[in-house]
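None of the figures in this text is laboratory data; all of them are computed from the coordinates on show. Predicted model, so just to flag it, every value in this text is computed and none were measured. Counting neighbours? That spans all protein chains shown, and the Cβs are built from the backbone with ideal geometry, glycine included.
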Amino acid sequence: MKKACIIGYPVKHSRSPVIHGYWLKRHGIEGSYGKEEVKPEDFAAFLKAMPSMGYAGANVTLPHKLDLLALADHCSDGARKIGAANMLWFENGRLHADNTDFVGFIASLDAEAPGWDDRRDVALVLGAGGASRAIVHGLLARGVSRVMVANRTLATAEAMARDFGRAIVPCAWQDAGRYVGEANLIVNTTSLGMSGQPLLDLPLDTAGPETVLADAVYVPLRTALITTAAARGLRAVGGLGMLLHQAVPSFERWFGLRPEVTPELTRLVEADVLGSR
Ligand code: ATR
């Protein structure tokens, strides 16, 4: 019996058990995926104890994503570049860490806005936190040539330009609207638009008809930004797809089978999101 879990503090809001539980059941795999609430000061000891607890691996969420990077024996290049890791596994007694968020984001675009990368000249990314770094890494890996990063704290966007190179153009938060017209892809990675947070006020009137708009927020399932973009005829991709697709490589790593993001799984997690509001 293989075991995996999500480690966080707090962890009760996590939807990962619903996703992995669905795949375990669907494929008749004898395994489990649980939740482990671990305080930051206990994280290193918990990682050490995991193999003896029978764990093949885990996802990690806040506040452990940076610590995992520091504590792992081996980190993927992607995780290192992004500066955070969200999944781990054990191999020959060594702790491996990776970041699957960027794979999840790109896979959700491929699934929900196929052909989004036919034109890869300019992307406009709002926000410069952990989600932004993962998404920007994914966009560069797919060949997007210029990424405008608009952030409330300009210095954080400037730090991204130093880390990711000259394809990143930092810009002031209040200037974001100026770049809407030239962007092939616009992505919100901030918490604006999330339930309980202020709305993201980004005028989309200059966006071209081929522009794809993605929002990493998935509570609510359709943010005001997504609704506005869809009403303007843009292709709009909500954040739930990123959550579902980032789980695919983790499940494959621990349980040895590449699962699919099915419409049934999407409905199940949508119902979970709606039920918890
Ligand atoms: P995550 O891991 O989800 O990316 P994060 O690293 O805390 O979370 O990043 C949150 C992002 O949302 C940041 O870009 C933050 O901007 P700052 O760097 O200026 O803090 C952005 N953000 C949060 N609240 C915001 C607000 N009210 N207006 C504009 N940007 C906001």
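Legend: Rg and Dmax of region 82-121, from Cα coordinates, 14.7, 44 Å. Multiplying the residue separation of L274 and A230 by 0.36 nm and subtracting their alpha-carbon distance yields 13.8 nm.
Working from label points 7 Å from Cα in the Cα-to-Cβ sense, the Q174 to N92 distance is 5.7 nm. By definition, a body whose alpha carbon gyration tensor gives a ≥ b ≥ c is oblate when a/c is 1.5 or more and a/b is not larger than b/c, and region 144-218 fits this oblate description. Geometric descriptor of region 1-112, per residue, is 115 Å³ (volume of the convex hull of the Cα atoms).
Placing dummy labels 7 Å off each Cα toward the beta-carbon, the span from E158 to Q197 is 2.4 nm.
Against the chain, whose longest principal axis is taken from its Cα atoms, helix 263-275 shows a tilt of about 90°. Maximal additional length on extending the D118-T262 stretch stands at 49.3 nm, based on 0.36 nm per residue less the C-alpha distance. If the Kirkwood radius is taken over C-alpha pairs of region 100-171, then at 37 °C and 0.692 mPa s the Stokes-Einstein diffusion coefficient equals 270 µm²/s.
Here, the chain is characterised by an Rg to Rh ratio of 0.97, where Rg is the alpha-carbon radius of gyration and Rh the Kirkwood radius. Peptides 198-209, 143-154 ranked from most to least packed by the mean count of surrounding Cβ atoms within 10 Å: 143-154, 198-209.
Helical runs (DSSP H, four residues minimum) scored at -39500 (n - 2.57) apiece and divided by the length of the chain put the mean residue ellipticity at 222 nm at -11000 deg cm²/dmol. Taking 19 Å as the limit for the C-alpha separation, the pairs K12/K35; K2/K25; K3/K48; K2/K81; K39/K65; K3/K35 exceed it in the case of K2/K81. On the basis of the beta-carbon distance and an R0 of 22 Å, A111 and S32 show a calculated FRET efficiency of 0.20. Quick check on region 60-102: take the gyration tensor over C-alpha atoms, sort the square-rooted eigenvalues as a ≥ b ≥ c, and tell me if it's rounded (a/c under 1.5), prolate or oblate. The shape class here is prolate.
The stretch between D42 and T206, if pulled fully straight at 0.36 nm per residue, gains 54.1 nm over its current Cα-Cα span. Distance between the C-alpha centres of region 118-157 and region 41-87: 25 Å, rounded to the whole angstrom. Working note: Cα gyration tensor of region 31-71, eigenvalues times five, square-rooted, sorted largest first, giving semi-axes of 17, 12, 10 Å.
Placing unit charges on the Cβ atoms of the charged side chains and taking the dipole of the chain about its Cα centre, the candidate lying farthest along the positive direction among G34, A49, S14 is A49.
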